[in-house]
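One structure below.
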Amino acid sequence: MPDLGPGLPQELLDHIIDDLRDDFATLKACSLAFRSLITRSQIHLFATICISSIERCRCFRSVLNLNPTLSHHVRDLEIIYLSSWVEGDTDLPYILQRATALRSFCVDSPIEPLIWWTIPKATVNALNCAFCLPTLVRLRLSSIEGFRAPFFGLDTNLQHLFLNDVLLAKTELEHDLRSIDLSKMTASTTEIVLKSTTITHISLYSALISQPRSVFSRSRKLIIHNSGITLLLAASLTNAAMQLVETIELKERPTASVAPSSWFLYDFTTLPRLQCLELHFTLGFIHEYYQFGIESSAAMRKILDFLTSNPSALRIRRFNMRFTPFRFFNSPTPSWKDMVEELECAIRKKCRTLDEILATRAPSLLVGIELGLPISGWRHPFFLGPVDEWYRDLEVKRDVWRKMIYGLMPLTSQAGGLTTDVIPDVEI
(Lines give C-alpha, C1' and ligand atoms only; values in the text may rest on other atoms or scores of the structure.)
Protein backbone atom coordinates (compact mmCIF):
# COMPACT_ATOMS: atom_id res chain seq x y z
CA MET A 1 0.00 0.00 0.00
CA PRO A 2 1.47 3.40 -0.96
CA ASP A 3 2.02 6.27 1.46
CA LEU A 4 1.58 9.99 1.00
CA GLY A 5 5.26 10.50 1.62
CA PRO A 6 6.98 13.37 3.43
CA GLY A 7 5.65 16.89 3.45
CA LEU A 8 2.28 16.53 5.18
CA PRO A 9 2.43 16.23 8.97
CA GLN A 10 0.55 13.29 10.43
CA GLU A 11 -1.34 15.70 12.71
CA LEU A 12 -2.76 17.48 9.64
CA LEU A 13 -3.75 14.19 8.01
CA ASP A 14 -5.46 13.10 11.23
CA HIS A 15 -7.36 16.39 11.36
CA ILE A 16 -8.56 15.92 7.77
CA ILE A 17 -9.78 12.41 8.55
CA ASP A 18 -11.55 13.67 11.69
CA ASP A 19 -13.47 16.16 9.55
CA LEU A 20 -14.65 13.23 7.42
CA ARG A 21 -15.86 11.17 10.40
CA ASP A 22 -19.50 11.12 9.20
CA ASP A 23 -18.66 10.24 5.58
CA PHE A 24 -18.43 6.45 5.65
CA ALA A 25 -17.66 5.96 1.95
CA THR A 26 -14.79 8.46 1.96
CA LEU A 27 -13.34 7.05 5.17
CA LYS A 28 -13.37 3.58 3.67
CA ALA A 29 -11.63 4.82 0.55
CA CYS A 30 -8.99 6.62 2.65
CA SER A 31 -8.32 3.51 4.72
CA LEU A 32 -7.58 1.57 1.52
CA ALA A 33 -5.59 4.26 -0.27
CA PHE A 34 -2.66 5.24 1.94
CA ARG A 35 -0.88 3.64 4.86
CA SER A 36 -0.72 6.92 6.78
CA LEU A 37 -4.53 7.19 6.71
CA ILE A 38 -5.38 3.67 7.85
CA THR A 39 -5.37 3.99 11.63
CA ARG A 40 -7.21 7.29 11.84
CA SER A 41 -9.83 6.14 9.30
CA GLN A 42 -10.39 2.89 11.20
CA ILE A 43 -10.96 4.79 14.45
CA HIS A 44 -14.04 6.39 12.89
CA LEU A 45 -15.10 3.45 10.71
CA PHE A 46 -15.34 1.13 13.71
CA ALA A 47 -16.51 3.67 16.30
CA THR A 48 -20.15 2.62 15.87
CA ILE A 49 -21.06 -1.03 15.32
CA CYS A 50 -24.56 -2.46 14.93
CA ILE A 51 -25.02 -6.24 15.04
CA SER A 52 -28.50 -7.30 13.94
CA SER A 53 -28.15 -10.97 12.98
CA ILE A 54 -26.07 -14.05 13.58
CA GLU A 55 -24.49 -13.58 10.14
CA ARG A 56 -23.36 -10.04 10.99
CA CYS A 57 -22.05 -11.27 14.31
CA ARG A 58 -19.97 -13.97 12.62
CA CYS A 59 -18.72 -11.49 10.06
CA PHE A 60 -17.57 -9.00 12.68
CA ARG A 61 -15.81 -11.73 14.64
CA SER A 62 -13.98 -12.74 11.46
CA VAL A 63 -12.84 -9.13 11.06
CA LEU A 64 -11.58 -9.08 14.65
CA ASN A 65 -9.78 -12.39 14.14
CA LEU A 66 -7.82 -10.78 11.32
CA ASN A 67 -7.16 -7.55 13.22
CA PRO A 68 -7.93 -7.77 16.97
CA THR A 69 -6.91 -4.15 17.61
CA LEU A 70 -10.03 -2.94 15.76
CA SER A 71 -12.14 -3.89 18.78
CA HIS A 72 -10.49 -1.07 20.75
CA HIS A 73 -12.01 1.48 18.36
CA VAL A 74 -15.62 0.47 19.12
CA ARG A 75 -17.26 3.18 21.21
CA ASP A 76 -20.95 2.70 20.40
CA LEU A 77 -22.26 -0.88 20.20
CA GLU A 78 -25.83 -1.85 19.33
CA ILE A 79 -27.06 -5.43 19.57
CA ILE A 80 -30.55 -5.64 18.04
CA TYR A 81 -33.08 -8.37 17.20
CA LEU A 82 -31.14 -10.51 19.66
CA SER A 83 -34.15 -12.70 20.50
CA SER A 84 -34.12 -14.14 16.98
CA TRP A 85 -30.51 -15.30 16.95
CA VAL A 86 -29.03 -15.43 20.45
CA GLU A 87 -29.64 -19.16 21.08
CA GLY A 88 -27.55 -20.26 18.12
CA ASP A 89 -24.77 -17.73 18.61
CA THR A 90 -21.28 -18.37 20.00
CA ASP A 91 -19.49 -15.28 18.64
CA LEU A 92 -21.11 -12.47 20.63
CA PRO A 93 -19.26 -13.30 23.90
CA TYR A 94 -15.96 -13.15 22.00
CA ILE A 95 -16.82 -9.70 20.63
CA LEU A 96 -18.02 -8.35 23.98
CA GLN A 97 -14.92 -9.55 25.79
CA ARG A 98 -12.73 -7.55 23.40
CA ALA A 99 -14.79 -4.38 23.07
CA THR A 100 -13.28 -2.90 26.21
CA ALA A 101 -13.57 0.81 25.36
CA LEU A 102 -17.34 1.13 24.96
CA ARG A 103 -18.99 4.40 25.88
CA SER A 104 -22.52 3.56 24.70
CA PHE A 105 -24.13 0.11 24.67
CA CYS A 106 -27.63 -0.84 23.53
CA VAL A 107 -29.37 -4.23 23.66
CA ASP A 108 -32.72 -4.10 21.87
CA SER A 109 -35.20 -6.60 20.51
CA PRO A 110 -37.85 -4.44 18.81
CA ILE A 111 -39.93 -7.12 17.06
CA GLU A 112 -40.05 -9.95 19.60
CA PRO A 113 -39.08 -9.43 23.26
CA LEU A 114 -35.85 -11.00 24.41
CA ILE A 115 -36.49 -13.60 27.15
CA TRP A 116 -33.54 -13.19 29.49
CA TRP A 117 -33.40 -16.79 30.71
CA THR A 118 -33.04 -18.07 27.11
CA ILE A 119 -29.69 -16.33 26.71
CA PRO A 120 -26.72 -18.73 27.00
CA LYS A 121 -24.77 -18.36 30.24
CA ALA A 122 -21.57 -17.36 28.43
CA THR A 123 -23.43 -14.53 26.70
CA VAL A 124 -25.03 -13.36 29.96
CA ASN A 125 -21.63 -13.27 31.63
CA ALA A 126 -20.15 -11.32 28.71
CA LEU A 127 -23.06 -8.86 28.77
CA ASN A 128 -22.66 -8.30 32.51
CA CYS A 129 -18.95 -7.62 32.03
CA ALA A 130 -19.74 -5.12 29.27
CA PHE A 131 -22.30 -3.40 31.53
CA CYS A 132 -19.53 -2.89 34.11
CA LEU A 133 -16.89 -1.41 31.82
CA PRO A 134 -15.36 1.68 33.44
CA THR A 135 -15.54 3.50 30.09
CA LEU A 136 -19.30 2.93 29.69
CA VAL A 137 -21.41 6.06 30.22
CA ARG A 138 -24.71 5.21 28.49
CA LEU A 139 -26.61 1.92 28.68
CA ARG A 140 -29.93 1.25 26.97
CA LEU A 141 -31.84 -2.00 27.46
CA SER A 142 -35.05 -2.44 25.48
CA SER A 143 -37.80 -5.05 25.06
CA ILE A 144 -36.59 -7.64 27.56
CA GLU A 145 -38.71 -9.98 29.67
CA GLY A 146 -37.73 -12.03 32.70
CA PHE A 147 -34.95 -9.60 33.60
CA ARG A 148 -33.25 -10.53 36.86
CA ALA A 149 -32.77 -8.11 39.75
CA PRO A 150 -29.04 -8.97 40.25
CA PHE A 151 -28.38 -6.63 37.31
CA PHE A 152 -29.06 -3.74 39.70
CA GLY A 153 -26.23 -4.95 41.92
CA LEU A 154 -23.57 -4.70 39.21
CA ASP A 155 -20.67 -2.33 39.78
CA THR A 156 -21.38 0.44 37.25
CA ASN A 157 -20.86 4.17 37.06
CA LEU A 158 -23.13 5.36 34.27
CA GLN A 159 -24.19 8.78 33.15
CA HIS A 160 -27.43 7.47 31.65
CA LEU A 161 -29.37 4.24 32.29
CA PHE A 162 -32.39 3.78 29.98
CA LEU A 163 -34.81 0.90 30.63
CA ASN A 164 -37.36 0.63 27.82
CA ASP A 165 -39.98 -2.07 28.34
CA VAL A 166 -37.65 -4.12 30.53
CA LEU A 167 -39.91 -6.39 32.59
CA LEU A 168 -38.57 -7.83 35.83
CA ALA A 169 -38.78 -11.54 36.64
CA LYS A 170 -41.15 -12.19 39.51
CA THR A 171 -39.36 -15.38 40.56
CA GLU A 172 -37.06 -14.88 43.55
CA LEU A 173 -37.28 -11.07 43.34
CA GLU A 174 -37.58 -10.65 47.10
CA HIS A 175 -34.64 -13.01 47.69
CA ASP A 176 -32.54 -11.23 45.06
CA LEU A 177 -33.21 -7.82 46.60
CA ARG A 178 -32.12 -9.08 50.02
CA SER A 179 -28.99 -10.79 48.77
CA ILE A 180 -27.46 -8.22 46.39
CA ASP A 181 -25.63 -5.00 47.15
CA LEU A 182 -27.67 -2.35 45.33
CA SER A 183 -25.25 0.42 46.28
CA LYS A 184 -22.72 -0.64 43.61
CA MET A 185 -24.78 0.58 40.64
CA THR A 186 -24.83 4.33 40.03
CA ALA A 187 -26.36 6.34 37.18
CA SER A 188 -26.58 10.11 37.10
CA THR A 189 -29.66 9.90 34.87
CA THR A 190 -32.26 7.14 34.96
CA GLU A 191 -34.96 6.83 32.31
CA ILE A 192 -37.88 4.40 32.31
CA VAL A 193 -40.56 3.48 29.75
CA LEU A 194 -43.07 0.70 30.36
CA LYS A 195 -45.52 0.45 27.47
CA SER A 196 -46.79 -3.13 27.25
CA THR A 197 -46.98 -4.11 30.88
CA THR A 198 -49.34 -4.92 33.73
CA ILE A 199 -49.95 -3.80 37.29
CA THR A 200 -47.92 -6.83 38.43
CA HIS A 201 -44.84 -5.50 36.66
CA ILE A 202 -45.45 -2.07 38.12
CA SER A 203 -45.51 -3.60 41.62
CA LEU A 204 -42.21 -5.39 40.93
CA TYR A 205 -40.58 -2.13 39.91
CA SER A 206 -42.09 -0.39 42.93
CA ALA A 207 -40.45 -2.98 45.18
CA LEU A 208 -37.10 -2.35 43.50
CA ILE A 209 -37.40 1.44 43.47
CA SER A 210 -38.32 1.54 47.16
CA GLN A 211 -35.04 -0.08 48.18
CA PRO A 212 -33.04 2.62 50.01
CA ARG A 213 -29.77 1.86 48.20
CA SER A 214 -31.13 1.36 44.68
CA VAL A 215 -29.71 3.18 41.67
CA PHE A 216 -32.87 5.29 41.54
CA SER A 217 -32.21 6.73 45.00
CA ARG A 218 -28.95 8.29 43.77
CA SER A 219 -30.14 9.72 40.44
CA ARG A 220 -29.62 13.40 39.85
CA LYS A 221 -31.91 13.41 36.81
CA LEU A 222 -35.11 11.44 36.23
CA ILE A 223 -36.64 11.02 32.77
CA ILE A 224 -40.20 9.70 33.02
CA HIS A 225 -42.18 8.94 29.87
CA ASN A 226 -45.91 9.46 29.53
CA SER A 227 -46.34 6.09 27.88
CA GLY A 228 -48.36 3.03 28.85
CA ILE A 229 -48.68 3.02 32.61
CA THR A 230 -45.18 4.36 33.29
CA LEU A 231 -46.65 7.35 35.09
CA LEU A 232 -47.81 5.03 37.86
CA LEU A 233 -44.14 4.88 38.85
CA ALA A 234 -43.58 8.64 38.67
CA ALA A 235 -44.29 9.41 42.32
CA SER A 236 -42.27 6.38 43.52
CA LEU A 237 -39.27 7.35 41.39
CA THR A 238 -39.43 10.95 42.60
CA ASN A 239 -39.72 9.87 46.23
CA ALA A 240 -36.76 7.51 45.87
CA ALA A 241 -34.53 10.25 44.41
CA MET A 242 -35.91 12.96 46.68
CA GLN A 243 -32.66 13.93 48.39
CA LEU A 244 -30.46 14.15 45.26
CA VAL A 245 -32.61 14.78 42.19
CA GLU A 246 -31.80 18.08 40.44
CA THR A 247 -33.77 17.71 37.20
CA ILE A 248 -37.03 15.96 36.35
CA GLU A 249 -37.93 15.53 32.68
CA LEU A 250 -41.43 14.44 31.69
CA LYS A 251 -41.42 13.18 28.13
CA GLU A 252 -44.17 12.46 25.63
CA ARG A 253 -43.50 9.55 23.29
CA PRO A 254 -44.04 10.10 19.52
CA THR A 255 -47.09 7.80 19.58
CA ALA A 256 -48.64 9.43 22.65
CA SER A 257 -52.31 10.30 22.45
CA VAL A 258 -53.31 13.91 21.84
CA ALA A 259 -55.96 13.50 24.54
CA PRO A 260 -55.53 15.52 27.75
CA SER A 261 -52.96 14.02 30.07
CA SER A 262 -53.16 13.84 33.84
CA TRP A 263 -49.37 13.55 34.18
CA PHE A 264 -48.89 13.16 37.93
CA LEU A 265 -49.45 15.29 41.02
CA TYR A 266 -46.53 16.19 43.25
CA ASP A 267 -45.38 18.88 45.63
CA PHE A 268 -42.07 19.77 43.99
CA THR A 269 -41.10 22.11 46.82
CA THR A 270 -40.37 19.01 48.94
CA LEU A 271 -37.35 18.19 46.74
CA PRO A 272 -34.46 20.11 48.33
CA ARG A 273 -32.08 20.02 45.32
CA LEU A 274 -34.56 20.25 42.45
CA GLN A 275 -33.46 23.04 40.11
CA CYS A 276 -35.18 22.26 36.83
CA LEU A 277 -38.45 20.75 35.62
CA GLU A 278 -38.73 19.93 31.91
CA LEU A 279 -41.66 18.95 29.68
CA HIS A 280 -40.59 17.48 26.32
CA PHE A 281 -42.97 16.81 23.44
CA THR A 282 -42.44 15.11 20.08
CA LEU A 283 -44.81 16.40 17.43
CA GLY A 284 -45.40 14.32 14.32
CA PHE A 285 -46.10 15.04 10.70
CA ILE A 286 -48.41 12.12 9.88
CA HIS A 287 -49.92 11.97 6.37
CA GLU A 288 -51.11 15.58 6.54
CA TYR A 289 -49.71 18.75 8.08
CA TYR A 290 -52.83 19.37 10.14
CA GLN A 291 -51.90 16.49 12.46
CA PHE A 292 -48.81 18.44 13.49
CA GLY A 293 -51.00 21.39 14.42
CA ILE A 294 -53.32 19.18 16.46
CA GLU A 295 -50.43 17.64 18.41
CA SER A 296 -48.84 21.06 18.97
CA SER A 297 -52.07 22.47 20.37
CA ALA A 298 -52.51 19.38 22.56
CA ALA A 299 -48.98 19.80 23.92
CA MET A 300 -49.76 23.36 25.00
CA ARG A 301 -52.95 22.16 26.67
CA LYS A 302 -50.98 19.53 28.59
CA ILE A 303 -48.49 22.15 29.78
CA LEU A 304 -51.33 24.33 31.07
CA ASP A 305 -53.03 21.34 32.71
CA PHE A 306 -49.77 20.36 34.39
CA LEU A 307 -49.16 23.82 35.84
CA THR A 308 -52.75 24.08 36.99
CA SER A 309 -52.57 20.70 38.75
CA ASN A 310 -49.05 21.30 40.11
CA PRO A 311 -48.71 24.96 41.18
CA SER A 312 -45.54 24.04 43.09
CA ALA A 313 -43.83 23.59 39.69
CA LEU A 314 -43.71 27.39 39.45
CA ARG A 315 -41.66 27.65 42.64
CA ILE A 316 -38.53 25.92 41.43
CA ARG A 317 -35.63 27.69 39.73
CA ARG A 318 -36.17 26.70 36.09
CA PHE A 319 -39.07 25.44 33.96
CA ASN A 320 -38.19 24.19 30.45
CA MET A 321 -40.35 23.15 27.51
CA ARG A 322 -39.10 21.50 24.34
CA PHE A 323 -40.97 20.81 21.10
CA THR A 324 -39.33 18.33 18.71
CA PRO A 325 -41.00 17.86 15.30
CA PHE A 326 -40.49 14.61 13.39
CA ARG A 327 -42.08 12.69 10.57
CA PHE A 328 -43.08 9.06 10.17
CA PHE A 329 -42.11 6.97 7.16
CA ASN A 330 -43.93 7.92 3.95
CA SER A 331 -45.18 11.14 5.53
CA PRO A 332 -44.61 14.53 3.88
CA THR A 333 -41.27 16.20 4.41
CA PRO A 334 -41.99 19.60 5.92
CA SER A 335 -39.90 22.63 5.19
CA TRP A 336 -38.42 24.64 8.04
CA LYS A 337 -40.63 27.62 7.14
CA ASP A 338 -43.82 25.52 7.03
CA MET A 339 -43.05 23.90 10.37
CA VAL A 340 -42.41 27.19 12.16
CA GLU A 341 -45.54 28.79 10.74
CA GLU A 342 -47.70 25.77 11.58
CA LEU A 343 -46.33 25.58 15.13
CA GLU A 344 -46.81 29.32 15.73
CA CYS A 345 -50.39 29.15 14.52
CA ALA A 346 -51.17 26.10 16.69
CA ILE A 347 -49.78 27.42 19.97
CA ARG A 348 -50.47 31.15 19.68
CA LYS A 349 -53.78 31.22 21.55
CA LYS A 350 -52.67 29.04 24.47
CA CYS A 351 -49.34 30.89 24.69
CA ARG A 352 -51.23 33.93 25.93
CA THR A 353 -52.54 32.00 28.93
CA LEU A 354 -49.15 30.39 29.53
CA ASP A 355 -47.45 33.78 29.33
CA GLU A 356 -49.77 35.21 31.96
CA ILE A 357 -49.11 32.28 34.32
CA LEU A 358 -45.32 32.28 33.94
CA ALA A 359 -44.94 36.05 34.10
CA THR A 360 -46.28 36.06 37.66
CA ARG A 361 -43.14 34.19 38.75
CA ALA A 362 -40.53 35.79 36.47
CA PRO A 363 -37.69 36.59 36.86
CA SER A 364 -37.30 34.33 39.93
CA LEU A 365 -38.55 31.51 37.69
CA LEU A 366 -36.39 31.07 34.60
CA VAL A 367 -38.36 29.80 31.61
CA GLY A 368 -36.76 28.03 28.65
CA ILE A 369 -38.60 27.20 25.41
CA GLU A 370 -36.62 25.03 23.01
CA LEU A 371 -37.05 23.60 19.53
CA GLY A 372 -35.46 20.17 19.11
CA LEU A 373 -34.16 18.80 15.82
CA PRO A 374 -34.09 14.97 15.73
CA ILE A 375 -30.92 13.13 14.81
CA SER A 376 -30.57 12.80 11.04
CA GLY A 377 -29.32 9.81 9.07
CA TRP A 378 -30.50 6.47 7.79
CA ARG A 379 -30.33 4.84 11.20
CA HIS A 380 -32.70 7.42 12.65
CA PRO A 381 -36.07 7.06 10.89
CA PHE A 382 -37.63 10.16 12.46
CA PHE A 383 -35.38 12.67 10.72
CA LEU A 384 -37.27 15.54 9.16
CA GLY A 385 -35.89 15.98 5.70
CA PRO A 386 -32.97 17.44 3.74
CA VAL A 387 -30.02 17.93 6.03
CA ASP A 388 -29.06 21.13 4.19
CA GLU A 389 -32.31 22.79 5.17
CA TRP A 390 -32.82 21.48 8.69
CA TYR A 391 -29.34 21.17 10.15
CA ARG A 392 -27.37 24.07 8.72
CA ASP A 393 -27.45 27.75 9.65
CA LEU A 394 -28.41 26.91 13.21
CA GLU A 395 -27.66 30.43 14.41
CA VAL A 396 -30.16 31.82 11.89
CA LYS A 397 -32.76 29.31 13.07
CA ARG A 398 -32.07 30.20 16.70
CA ASP A 399 -32.70 33.85 15.88
CA VAL A 400 -35.98 33.05 14.08
CA TRP A 401 -37.10 30.86 16.99
CA ARG A 402 -36.18 33.47 19.58
CA LYS A 403 -38.12 36.22 17.78
CA MET A 404 -41.16 33.97 17.41
CA ILE A 405 -41.25 32.90 21.07
CA TYR A 406 -40.56 36.40 22.39
CA GLY A 407 -43.45 37.63 20.27
CA LEU A 408 -45.75 34.95 21.70
CA MET A 409 -44.58 35.46 25.30
CA PRO A 410 -44.20 39.24 25.73
CA LEU A 411 -44.92 39.38 29.47
CA THR A 412 -42.41 36.71 30.45
CA SER A 413 -39.75 38.06 28.09
CA GLN A 414 -40.16 41.63 29.39
CA ALA A 415 -39.81 40.34 32.96
CA GLY A 416 -36.38 38.98 32.02
CA GLY A 417 -37.06 35.33 32.71
CA LEU A 418 -37.31 33.87 29.18
CA THR A 419 -34.63 32.06 27.16
CA THR A 420 -34.88 30.15 23.87
CA ASP A 421 -32.70 27.73 21.93
CA VAL A 422 -32.66 25.30 19.00
CA ILE A 423 -31.19 21.94 20.04
CA PRO A 424 -29.75 19.67 17.29
CA ASP A 425 -29.40 15.87 17.41
CA VAL A 426 -32.31 15.16 19.75
CA GLU A 427 -33.05 11.44 20.14
CA ILE A 428 -36.66 10.42 19.50
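The values are calculated or read from the model by the stated rules, or taken from the named source; none is laboratory data. These numbers were taken from a predicted model, which means no experiment stands behind them. Virtual Cβ from ideal backbone geometry, glycine too; neighbours counted across all protein chains shown.
The table for this structure:
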| quantity | calculated |
| --- | --- |
| Test: W378 is at pLDDT below 80, within 18 Å of the chain's Cα centre (by Cα) and more than 18 Å from A313 (Cβ to Cβ) | yes |
| Odd one out for Y406 among (1) more than 17 Å from F319 (Cβ to Cβ); (2) at pLDDT 90 or above | (1) |
| Per-region count, the range 149-179, residues at pLDDT below 90 and touching a Phe, Trp or Tyr at 6+ places or on another chain (Cβ under 7 Å) | 1 |
| Unmet criterion (only one of (1) out of contact with any Lys or Arg (no Cβ under 8 Å at 6 or more places or on another chain); (2) within 27 Å of T118 (Cα to Cα); (3) among the hydrophobic types (A, V, I, L, M, F, W, C)) for A29 | (2) |
| For T69: the one exception among (1) out of contact with any Pro (no Cβ under 7 Å at 6 or more places or on another chain); (2) at pLDDT 95 or above; (3) more than 30 Å from T230 (Cβ to Cβ) | (2) |
| Unique residue being surrounded by 11 or more Cβ atoms within 10 Å (Cβ to Cβ) and in contact with a His (Cβ under 8 Å, 6 or more places away or on another chain) when the list is L64, L27 | L27 |
| Positions within the range 212-244 being part of a helix (DSSP H, G or I), closer than 22 Å to T156 by Cβ and of a type in the set (A, V, I, L, M, F, W, C), in sequence order | V215, F216, L233, L237, A240 |
| Index of the failed condition, T186 passing every other in (1) modelled with pLDDT of 80 or more; (2) in a helix (DSSP H, G or I) | (2) |
| Per-region count, the range 149-169, residues assigned to a loop (DSSP other than H, G, I, E, B) and of a type in the set (A, V, I, L, M) | 2 |
| The listed residue being under 20 Å from L279 (Cα atoms), outside the structural domain of D22 (by TED's automatic domain parsing) and at pLDDT below 95, out of V367, V400, V422, V396 | V422 |
| Subset of the range 299-316 [of a type outside the set (A, V, I, L, M, F, W, C) and either modelled with pLDDT of 95 or more or touching a helix residue (DSSP H, G or I) at 6+ places or on another chain (Cβ under 9 Å) (or both)] | R301, T308, N310, S312, R315 |
| From the options D14, D22, D18, residue that is farther than 15 Å from D76 by Cα, surrounded by fewer than 14 Cβ atoms within 10 Å (Cβ to Cβ) and modelled with pLDDT under 75 | D18 |
| Test: residue in the range 209-217 that is touching a residue at least 60 places away in the same chain (Cβ under 8 Å) and among the small types (G, A, S) | yes |
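For (1) in the same structural domain as E427 (by TED's automatic domain parsing); (2) among the basic types (K, R); (3) surrounded by fewer than 20 Cβ atoms within 10 Å (Cβ to Cβ); (4) over 22 Å from D165 (Cβ atoms), each residue gets a yes or a no:
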residue	(1), (2), (3), (4)
R56	no, yes, yes, yes
F60	no, no, no, yes
E78	no, no, yes, no
W85	no, no, yes, no
Y94	no, no, yes, yes
T118	no, no, yes, no
